Structures are given as C-alpha cells and as structure tokens.
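All remarks here apply to the structure that follows.
The numbers here are math on the coordinates, done by the rules we state, and not lab data. Because the structure is a prediction, the values reported are computed rather than measured. Note that each Cβ is placed from the backbone with ideal geometry, even for glycine, and that neighbours are counted across all protein chains shown.
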Amino acid sequence: KQEVTQIPAALSVPEGENLVLNCSFTDSAIYNLQWFRQDPGKGLTSLLLIQSSQREQTSGRLNASLDKSSGRSTLYIAASQPGDSATYLCAAPNAGGTSYGKLTFGQGTILTVHP
Amino acid sequence: EAGVAQSPRYKIIEKRQSVAFWCNPISGHATLYWYQQILGQGPKLLIQFQNNGVVDDSQLPKDRFSAERLKGVDSTLKIQPAKLEDSAVYLCASKLEGRTNEKLFFGSGTQLSVL
C-alpha cells in the first residue's frame, strides 16, 4: 500500500525567499508523481506532473524533482510571493504502479508567504 | 473551457440523515473520481468511473455510500445514513481518458458538516 508523507506540515516565509517542499513515498514502482496546489475553500489545481522516466519538471518559478530510488520528490519555489500562499500536496499512484487517477495524497504543506 | 462543476457548495445535516452531491465533469472526460478530504488530510479516493462503469470502489463504505454515473456524464454521490465522521469536503475530479500522463481536474468540492 502506497504511503505519502510531506514535510514540513507548515511553512511561513517572507516574500522573496526560495523554498523547498519535500515529499516521500514508500512504493517506488510509480508511473509518475504529481504536485497540486489547493487554495482555501477550493479544489486542487495540478501544478506539475513528473513521469517516472524524468528527473524534473519546470513551470515558471516552480521546479519539481523526482528520485524514485530514494522515494523522494521535492518542489522548489523560487522568489516566493504572497500569492503563492496555499496548501501544496503531492500525490503518487497506488502501489503496483497502476495509475488511472488512483492517487495517494500526502497530507500537504501549508505555505504562508508574508509581505 | 468550463471546469468540473459541483453542487451544493455547502451542506449541513444531522447524523442519520441522508445527503446527495452532484458533479458535472469537463465535457468529453471519460474518467470521473470522487474523493473525500477530511480537514488536515489529503484527499482519499472513494470511487472511480470510466464512462458509466465502476472501475474501483474498493475504498467506498458501501453500507452507507453509493454513487452512480448515468449516461457516462454527470455523477451523484449519496450518503445514507450519515455519521459524524463523514464530515469532510467531497471532491469530484475528471480526466480525459484516464491515462497515466493526463492531468486531473478537480471541482471546488462540497463541504459537508454532520452534526
């Protein structure tokens, strides 16, 4: 059974800092790993999807890396802004590598960026 | 492009009452999911549909929860009777065909409070 853990649970930083969010998973037989953003009272928005054959993906100020052998992924946010404040969740396919949206989510990292 | 629509946004009921949630996925999306997100946790998959057929309902508490997707478009999730521990946000999500490299799109969710 896949288990996903995110560290830290919460993070508060001043605007402009570069920061790293961590995600670890127990079953490395995955097809991909996804990072989502969730704003209060809203659904989840997909940020980045890293295929198992890739080591990283970039979108604007976001960069996500994947190390299957160690069961880890990191989300790097450069030059953080108050608008980045949200909960960030990572998700990995359920154990066995089958992935048709059967994602196991971490509990999320609550990020607050203050001006 | 219209997103995943869910209603109602909020629902407050007493325990042992019944409740139903509605979801309209993105047009043309064959795969539809219902997730349960308890406060402070990541979403947990309840059921997955491919068109109007159930692909995975292994984590659906079938003694009280039921779901259907008639005609492979809209879906409803029902709880009868509700328990206090059912208080959560119920998220609907959809994918175009359910392939591993497709993005998952979420609705804003229905926040259920069981008193």
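At-a-glance table
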| quantity | calculated |
| --- | --- |
| Estimated translational D of segment B:67-115 in µm²/s (Stokes, Kirkwood radius over Cα pairs; 4 °C; 1.567 mPa s) | 101 |
| Compactness index (Cα Rg / 2.2 N^0.38 Å), segment A:1-67 | 1.21 |
| Relative contact order of chain A, pairs being alpha-carbon contacts under 8 Å that are 6 or more residues apart, as % | 38 |
| Nearest-20 debye value, chain A charge dipole, Cβ charges on Lys, Arg, Asp, Glu | 280 |
| Net +/- balance of residues flanking residue B:69 in space, Cβ distance below 14 Å, scoring K and R +1, D and E -1 | -1 |
| Principal axis box of segment B:22-78, alpha-carbon based, largest edge first, Å | 32, 24, 18 |
| Local electrostatic count at residue B:23 - Lys and Arg +1, Asp and Glu -1, tallied over other residues with Cβ under 15 Å | +4 |
| Choice from A:79, A:92, A:64 showing the highest fluctuation, given a GNM over chain A with Cα pairs closer than 10 Å | A:79 |
| Hydrodynamic radius by Kirkwood, which averages 1/r over all alpha carbon pairs of chain A, in angstrom | 14.1 |
| Scattering curve values for the protein assembly as shown, log₁₀ I(q)/I(0), Debye with Cα scatterers, q = 0.11, 0.12 Å⁻¹ | -0.55, -0.65 |
| Using a Förster distance of 25 Å, the FRET efficiency for residue A:114-residue A:42 (Cβ separation, nearest 0.05) | 0.75 |
| Net charge, residue A:51 excluded, C-beta distance under 12 Å - Lys, Arg +1, Asp, Glu -1 | +1 |
| Chain B: Rg to Rh, with Rh as the Kirkwood radius over Cα pairs | 0.95 |
| Inter-label distance for residue B:58 and residue B:78, nm, one decimal - labels placed 7 Å from Cα along Cα-to-Cβ | 2.7 |
| Among B:91, B:60, B:39: highest mean-square fluctuation, GNM of chain B, C-alpha pairs under 10 Å | B:39 |
| Given charges at Cβ of Lys, Arg, Asp, Glu: segment A:6-115 dipole, positive-most of A:110, A:36, A:63 | A:36 |
| Cross-link table A:42/A:68; A:102/B:62; B:71/B:103; A:68/B:62; B:15/B:71, entries beyond 25 Å C-alpha to C-alpha | A:42/A:68; A:68/B:62; B:15/B:71 |
